Amino acid sequence: MKLNLYLKIGLVFITSLLSLSCEDFVEIDAPNDKLIRDEVFGSEETAKSALNGIYNQLFLTAFSNGARNSISVLSGLSGDNLENINTTNIFRMQFQENELTPDNPDNLDIWNSAYNMIYLTNSFIEGLVNSEEIASELKKQMEGEARFIRAFTYFYLVNLYGEVPLVLTTDYRANELAARTPVDEVYAQVIADLLIAKDLLSGEYQNGERFRVNSFAASALLARVHLYLEDWNMAETLSSQVINEQSTYQILEDANEVFLANSMEAIWQISPVGGGGMVTHTNEGALFIIDPFFSFFASLELEEEFIGSFDETDNRLMSWVSFDPGKEAYFPTKYKISYSTTFPIEEYSMVVRLAEQYLIRAESRAQEGNISGAIEDVDVIRQRAGLDLISETNPGINQEQLLNLILEERRKELFTEWGHRWLDLKRTGKATQVLGSENPLWEATDILYPIPAEERMKNPNLSQNVGY
């Protein structure tokens, strides 16, 4: 695997990521990785720059950057919300048709970029823990942030691929031959990292910027993890911790304000500042928005069936969807800016937000039989959407109906965000029912992406998922 980013060339995050940071570049000239590590963690300023470099890399690396090879796009195609306008790109069509092959280069990009991020966080944690030059409180803060990012990355790897190698060190000799780890062990590590992060982090945002995680971001991701593991009580408890922090988080009345930089609905965002250049727009804005004068560049559209599922009065349809008559295509407009070079930056890429926490708690409460509590949470989302409230129109709704309604609300609320629809269909066991009904080539084994063939050639201990 490309987990062995040869230590002899030094720590990758030091030599490459610092150059991408908006902080001053730290010139380091040392003969080996130990001296490089000692130099970086020899002062608080250089350690902070290294951590900034990791955050910046999230805007650049394939799986997390919101561009064509990101999880938001590729897993969006795997679900039933997004589709390709240009059908000649066979590799992205494989995602849309759920017919991935192990040699798909976009799939390889997800895998490699995620493991590169894990390597960076592992290297950062190792250097930080061994440092004697950094104040204890700062060390705790930075370790919590790095552990969060590692947990976040593993969450997506285990959900997209099932069993994956669990790599927690920078020992490339061991890493390059690592076998796949059972799903429950990967999840256990994700939970362990997030619990440590939650304990180490404060509830404040560093410099008021929500592209740096805090303890509530850890609680929010833990709530999602426990929802996926069907630990309803824990998911409800954790989501409530975030929802109850009303001085920091609020459901915004105007849907057009949700995706602004540092919005009150944002729990964690990724900043375009990571690009290191002059452009200040999100990759999602650049990719999804169809410019009427340059519509020939458009590559993605929303499925018409998905558009037809909205009530015509739904504010999400009016605020987050537009139509291009030239392409005869509906496209997402959660992000309003397709190109910008101005500061301050107006939009950040949304990763975790408050609306999801209400929907997590609603689903957990419904699963536990607390129907009225679940309705209350769903109605928070529906009220912002300008829809009739379930408490008024259907207070006697039964559990199954309510769970189906929550799943549909998640589809409409979270579309084009981090593959939520694809993962929801998988975890609820509805993928075959929903996707198989329209895709004659669908097989139940399609719910997992294949382990990239190139990685299996390098590592004989990597087994393949069934069906590939």
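Descriptive notes on the structure:
- With a Cα cut-off of under 28 Å and a minimum spacing of 8 residues unless on different chains, the lysine pairs in the chain number 26.
- Relative to the Cα centre, the charge distribution of region 325-455, modelled as +1 at Lys and Arg Cβ and -1 at Asp and Glu Cβ, gives a dipole magnitude of about 220 debye.
- Modelled spin-label separation between residue 233 and residue 291, with each label point placed 7 Å from Cα along the Cα-to-Cβ direction: 5.6 nm.
- Between 273, 371, 351, the Cα set farthest toward the positive side of the dipole of region 250-395 (charges on each charged residue's Cβ, about the Cα centre) is that of 273.
- Between residue 456 and residue 343, the contour length at 0.36 nm per residue exceeds the Cα-Cα span by 36.2 nm.
- Overall form of region 94-239 per C-alpha gyration tensor (a/c, 1.5; a/b vs b/c): oblate
- Region 224-360, relative contact order in percent, only Cα pairs under 8 angstrom and at least six apart counted: 36
- Based on Cα contacts under 8 Å between residues 6+ apart, the chain shows a relative contact order of 19 percent.
- 5 angstrom amide H check on residue 386, placed H, neighbours 5+ away: 315
- Rounded if a/c under 1.5, otherwise prolate or oblate - region 168-287, Cα gyration tensor axes: oblate
- Simple point charges give the picture: +1 on the Cβ of Lys and Arg, -1 on the Cβ of Asp and Glu, and for the chain a dipole about the Cα centre of about 860 debye.
- A helix-only calculation puts the chain at -14500 deg cm²/dmol for mean residue ellipticity at 222 nm, using -39500 (n - 2.57) for each DSSP H run of at least four residues, averaged over all residues.
- Taking the C-alpha atoms only, the angle from helix 232-243 to the longest principal axis of the chain is near 80 degrees.
- Cα-based helix-to-principal-axis angle, 183-200 vs the chain, degrees rounded to 10: 80
- For region 282-337, with +1 on Lys and Arg beta carbons and -1 on Asp and Glu, the positive-most of 325, 283, 295 along the dipole: 283
- For region 305-311, 3J(HN,Hα) per residue [Karplus equation, 6.51 cos²θ - 1.76 cosθ + 1.60, θ = phi - 60°, Hz, x = Gly/Pro]: 4, 5, 4, x, 7, 7, 5
- Chymotrypsin sites (Phe, Trp or Tyr not before Pro) lying in DSSP loop within region 300-385, provided at most 14 other Cβ fall within 10 Å: 339
- The C-alpha atoms of the chain define a longest principal axis, and helix 44-60 lies at about 40 degrees to it.
- For residue 246 and residue 433, the FRET efficiency from 1/(1 + (r/R0)^6), where r spans their Cβ atoms and R0 equals 30 Å, is about 0.20.
- Lys/Arg +1, Asp/Glu -1 at C-beta; region 57-150 dipole; positive extreme among 59, 134, 123: 134
- Prolate/oblate/rounded label for region 308-453 (Cα gyration tensor, a/c 1.5): oblate
- Given charges at beta-carbon only (K, R positive; D, E negative), |dipole| of region 313-378 in Debye: 120
- Other-chain or far-sequence residues with amide H under 5 Å of residue 322's (modelled H): 331, 333
- Chain lengthening between residue 401 and residue 133 when straightened (0.36 nm per residue, less Cα-Cα): 90.8 nm
- Placing pseudo-labels 7 Å out from each Cα toward the beta carbon at residue 177 and residue 444 gives an inter-label distance of 3.6 nm.
The numbers here are math on the coordinates, done by the rules we state, and not lab data. Computed from a predicted structure; not experimentally measured. Neighbour counts are summed over all protein chains in view; Cβ atoms, including those assigned to glycine, are modelled from backbone coordinates with ideal geometry.
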